[in-house]
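Chemist: Got a structure for you, written out below as structure tokens; questions coming shortly.
The values are calculated or read from the model by the stated rules, or taken from the named source; none is laboratory data. Fair warning: this is a prediction, and the values are worked out from it, not measured in the lab. We place every Cβ from the backbone using ideal geometry, glycine too, and count neighbours over all the protein chains shown.
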Amino acid sequence: MVKKLKRLKRELVREGVIVNMYADTIEMPDGRTATWDYIEHPKGAAAVLAVLPDGKLVMVRQYRNALDRVTLEIPAGARDSVTEDTAVCARRELLEETGYSCGKLTKLLSLKSTVAFCNELIDVYLATELTPGTQCLDEDEFIDIVCVELEELCEKVYAGEIQDAKTVAAILAYANKVKE
């Protein structure tokens, strides 16, 4: 049986632009202590799986510093504040990153991106009834839009070409929904 551990102390190590890093002192069931890293994502985020009338999914290709490579992902971003509705965030990120606005937005799922050390919560939405427009990228964003068939994206997930958790979860959840 898994026993509850006890956090004795949480110390801020670094306050970042998007996340904060802490060192947590944890008491183990046998009385020993350990130091664990904890990453706080204070605002949370929203992501969007956008489906075109022809069934293709609107994806973004962008450089990710943590991986030092370009990735293929669904549009996503952090909420502007902890009180911002994630649906509002999802619509904004879709428009900013792809130029598309949507007539219909439905919550697909919620996920915690990396539960071992981070509390980030991402609400993932399904966007349909898309209207094309113009990207409104932040000055430090360089994003290409790619429209891809669902089957091809599923193949990329299973081949390990798409590894981003929110994107994998969204693609597989949508593939399951389409089957039903």
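Chemist: Scan E93, E84 and give me the residue that is surrounded by 21 or more Cβ atoms within 10 Å (Cβ to Cβ) and either of a type outside the set (F, W, Y) or under 18 Å from A170 (Cβ atoms) (or both). Break it down into steps so the answer makes sense when it comes.
Modeler: Working: E84 fails: surrounded by 21 or more Cβ atoms within 10 Å (Cβ to Cβ).
Criteria check complete, one pass: E93.
Chemist: Can I ask one more? Among the residues of segment 136-154, how many are of a type in the set (D, E, K, R), assigned to a loop (DSSP other than H, G, I, E, B) and in contact (Cβ under 8 Å) with a residue 60 or more places away in the chain? Talk me through it step by step, then tell me what you get.
Modeler: Applying the first criterion (of a type in the set (D, E, K, R)) to segment 136-154 yields 138-141, 144, 149, 151-152.
Filter again for assigned to a loop (DSSP other than H, G, I, E, B), leaving 138-141, 149.
If we keep only those that are in contact (Cβ under 8 Å) with a residue 60 or more places away in the chain too, we end up with 141, 149.
Within segment 136-154, residues that are of a type in the set (D, E, K, R), assigned to a loop (DSSP other than H, G, I, E, B) and in contact (Cβ under 8 Å) with a residue 60 or more places away in the chain number 2.
Chemist: Next up: From L105, L94, grab the single residue that is in a helix (DSSP H, G or I) and farther than 18 Å from I18 by Cβ. Break it down stepwise before answering.
Modeler: Values: L105 fails: in a helix (DSSP H, G or I).
Of L105, L94, the one residue that is in a helix (DSSP H, G or I) and farther than 18 Å from I18 by Cβ is L94.
Chemist: Is there a residue in segment 155-173 that is of a type in the set (D, E), part of a helix (DSSP H, G or I), surrounded by fewer than 15 Cβ atoms within 10 Å (Cβ to Cβ) and out of contact with any Phe, Trp or Tyr (no Cβ under 6 Å at 6 or more places or on another chain)? Outline the logic, then answer.
Modeler: Just the residues of segment 155-173 that are of a type in the set (D, E), to begin with: 155, 161, 164.
Checking the rest, the ones that are also part of a helix (DSSP H, G or I) come to 155.
Now narrow it down to the ones that are surrounded by fewer than 15 Cβ atoms within 10 Å (Cβ to Cβ): 155.
Among the residues that remain, those that are also out of contact with any Phe, Trp or Tyr (no Cβ under 6 Å at 6 or more places or on another chain) are: 155.
Among the residues of segment 155-173, at least one is of a type in the set (D, E), part of a helix (DSSP H, G or I), surrounded by fewer than 15 Cβ atoms within 10 Å (Cβ to Cβ) and out of contact with any Phe, Trp or Tyr (no Cβ under 6 Å at 6 or more places or on another chain), which makes the answer yes.
Chemist: Which condition from (1) assigned to a strand (DSSP E or B); (2) at negative phi is the one that V88 breaks?
Modeler: Checking V88 against (1) assigned to a strand (DSSP E or B); (2) at negative phi, the one that fails is (1).
Chemist: Same structure again: Spot the failing condition for T83; the list is (1) outside any helix (DSSP H, G or I); (2) under 19 Å from D144 (Cα atoms); (3) without any contact (Cβ under 8 Å) to a residue 24 or more places away in the chain, and only one is missed.
Modeler: Going through the list (1) outside any helix (DSSP H, G or I); (2) under 19 Å from D144 (Cα atoms); (3) without any contact (Cβ under 8 Å) to a residue 24 or more places away in the chain, T83 breaks only (2).
A quick yes/no check of all residues on (1) of a type in the set (G, A, S); (2) surrounded by fewer than 17 Cβ atoms within 10 Å (Cβ to Cβ); (3) touching a His at 6+ places or on another chain (Cβ under 8 Å); (4) closer than 22 Å to L137 by Cα:
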{"position": "D30", "(1), (2), (3), (4)": "no, yes, no, no"}
{"position": "D54", "(1), (2), (3), (4)": "no, yes, no, no"}
{"position": "M59", "(1), (2), (3), (4)": "no, no, no, yes"}
{"position": "A76", "(1), (2), (3), (4)": "yes, no, no, yes"}
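Chemist: Inside segment 32-50, can you point out the residues that are surrounded by 12 or more Cβ atoms within 10 Å (Cβ to Cβ) and either free of Cβ contacts under 8 Å to residues at least 24 places away in the same chain or charged (D, E, K, R) (or both)?
Modeler: Scanning segment 32-50 gives D37, E40, K43.
Chemist: With the condition kept exactly as written, say whether any residue in segment 19-28 is in a strand (DSSP E or B), modelled with pLDDT of 95 or more and touching a His at 6+ places or on another chain (Cβ under 9 Å). Show your work before the answer.
Modeler: Within segment 19-28, the subset in a strand (DSSP E or B) is 20-27.
Cutting the leftovers down to modelled with pLDDT of 95 or more gives us 20-27.
Right, trim to touching a His at 6+ places or on another chain (Cβ under 9 Å) and you get 20.
Checked against the condition, which is being in a strand (DSSP E or B), modelled with pLDDT of 95 or more and touching a His at 6+ places or on another chain (Cβ under 9 Å), segment 19-28 yields at least one hit.
Chemist: May I ask you to verify whether A47 is under 17 Å from the mean Cα position of the chain (by Cα) and more than 16 Å from C118 (Cβ to Cβ)?
Modeler: Numbers: under 17 Å from the mean Cα position of the chain (by Cα): yes; more than 16 Å from C118 (Cβ to Cβ): no.
Criteria not met by A47.
Chemist: Okay, moving on. Please go through (1) more than 15 Å from the chain's Cα centre (by Cα); (2) touching a residue at least 24 places away in the same chain (Cβ under 8 Å); (3) within 21 Å of S81 (Cβ to Cβ) for N119 and return the number of the only condition it doesn't satisfy.
Modeler: (1) is the only condition that N119 fails.
Chemist: Now for a separate question. Anything in segment 49-77 that is under 19 Å from I122 (Cα atoms), out of contact with any Leu (no Cβ under 7 Å at 6 or more places or on another chain) and not in a strand (DSSP E or B)? List them, or say none.
Modeler: Of everything in segment 49-77, just one residue is under 19 Å from I122 (Cα atoms), out of contact with any Leu (no Cβ under 7 Å at 6 or more places or on another chain) and not in a strand (DSSP E or B), namely A66.
Chemist: So, V70, is that one modelled with pLDDT of 95 or more, hydrophobic (A, V, I, L, M, F, W, C) and crowded, with 21+ Cβ neighbours inside 10 Å or not? Step through it out loud before you land on a result.
Modeler: Details: modelled with pLDDT of 95 or more: yes; hydrophobic (A, V, I, L, M, F, W, C): yes; crowded, with 21+ Cβ neighbours inside 10 Å: no.
Judged against the criteria, V70 is not a match.
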